[in-house]
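What follows is a short report on a single structure.
The values are calculated or read from the model by the stated rules, or taken from the named source; none is laboratory data. Predicted, not measured: the structure shown is a model, and the values here were computed from it. Cβ: placed from backbone, ideal geometry, glycine included. Neighbour counts: every protein chain shown. We work out accessible area using only protein heavy atoms, side chains counted, and drop any ligands, DNA or RNA first. Shrake-Rupley method; radii C 1.70, N 1.55, O 1.52, S 1.80 Å.
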Amino acid sequence: MDLISLILLMGATLITLGASTYIRANYSKYKKVGVSSQMSGYDVAREILDRNGLSHILILETDGELSDHYDPNKKVIKLSHDVYHGKSIASVSVASHECGHALQDKDGYAFLKFRSSIVPLVNFSSKIGYIAIIAGFLLSMVNLIWIGIAFEIVILVFQLVTLPVEFDASNRALKLIEEYSFVNKHEHDGAKKMLTSAALTYVAGVISTVMELLRLVLSISRRN
């Protein structure tokens, strides 16, 4: 492996690890900081949904940490144990963010609709892409490598579309937190930091994928 490829590989790895560490550090910090409203993540999510005509959306508890998500197909918000029960800045922020996705769904937010529509293709690409790339290198079949890269580009497109979805959900969440007084003015900055750091992890994901694709293209060019 040449120096440029090594730098790209290490850079992509460090960016991914750095982003993951950053969000987990903020989550760990702010899940220990209680909110004056004494509302749990479930309470916050339920109030946002009910006040916006989304009483039919269920809020369920799920396993794991930072495993919270909104399922637009089943119309369900799943909150991890600490978020569901926690009465912290982190819990309020994460629950509000997931409600932001529910509101996007209600409003027919274009980027969310497009992202949801390509999920089956992305799932297929994530399974096949690197298999094709590895097989291509092992068999010295450049065309097969390019097919694998094309599948990886599908994943990149998904990540790019995810950026406006996540930033918009965080912006909606911050407005809801302010409007409904889930946090006071002293807790507001912590909520904003939580929401921003969560969105920035997706930026890191895009950069990491771009660097990895560049590394693969460089590897092919050296073979030709």
Next item on the list: Report, to the nearest 10°, how far helix 3-30 tilts away from the longest principal axis of the Cα atoms in the chain, using its own Cα long axis and a range of 0 to 90°.
Entry: 10
Check: How many percent of DSSP beta bridges within region 36-124 run antiparallel, rounded to 5?
Finding: 40
Note to self: Please list, ordered by chain and number, the residues whose modelled amide H lies under 5 Å from the amide H of T62; skip anything fewer than 5 residues away on the same chain.
What the structure shows: L79, S80, H81
Checklist line | Across K78/K193; K78/K113; K75/K175; K127/K193, pairs whose alpha-carbon gap is larger than 30 Å | finding: K127/K193
Notebook entry, point to check: With the dipole of the chain worked out from charges on the C-beta (+1 for Lys and Arg, -1 for Asp and Glu) around the Cα centre, which of V161, L174, L14 lies farthest toward the positive end?
Noted result: L14
Next item on the list: Find the percent of Cα-Cα distances in the chain that exceed 22 Å, and round it to a whole number.
Entry: 56
Notebook entry, point to check: Once phi is turned into θ = phi - 60°, what whole-Hz ³J(HN,Hα) does the Karplus curve with 6.51, -1.76 and 1.60 give for every residue of region 44-52, x standing for Gly and Pro?
Noted result: 5, 4, 5, 5, 4, 4, 5, 6, 10
Margin query: Over region 166-224, with the other protein chains present, what is the accessible area per residue in square angstrom, probe 1.4 angstrom?
Written below: 49
Note to self: Amide H of V76 versus every other amide H placed in the peptide plane: which residues, excluding those fewer than 5 positions away on the same chain, fall under 5 Å?
What the structure shows: D71
Next item on the list: Using only protein heavy atoms and a 1.4 Å probe, report how much of Y27 is accessible, in Å² to the nearest 10.
Entry: 10
Check: Which sequence of Y30, Y84 reflects their accessible areas, 1.4 Å probe, from the largest down?
Finding: Y84, Y30
Item checked: Extension gain (nm, one decimal) between S219 and E65, 0.36 nm per residue minus Cα-Cα -> 51.8 nm
Next item on the list: Determine the share of the chain's accessible area contributed by carbon and sulfur atoms, expressed in whole percent, with a 1.4 angstrom probe.
Entry: 63
Next item on the list: Take the alpha carbon atoms of region 66-84, find their center, do the same for region 129-183, and report the distance between the two centers in whole angstrom.
Entry: 20
Checklist line | Antiparallel bridges, percent of DSSP beta bridges restricted to the chain (to nearest 5) | finding: 45
Check: How big is region 27-126 on each of its three principal axes, counting only the C-alpha atoms and giving the largest first in Å?
Finding: 42, 32, 19
Check: Any idea what the relative contact order of the chain is, in percent, if you count C-alpha pairs under 8 Å spaced at least 6 apart?
Finding: 28
Next item on the list: Give a quick list of GluC sites (Glu not before Pro) in region 1-79 that DSSP marks as loop, anything other than H, G, I, E or B, with at most 16 other Cβ atoms within 10 Å.
Entry: E65
Next item on the list: Please compute P(r) over all alpha-carbon pairs of region 116-200, binned at 10 Å starting from zero, and give each bin as a whole-number percent.
Entry: 17, 29, 20, 17, 12, 5, 0
Note to self: I need the fraction of alpha carbon pairs in region 151-209 separated by more than 17 Å, rounded to a whole percent.
What the structure shows: 45
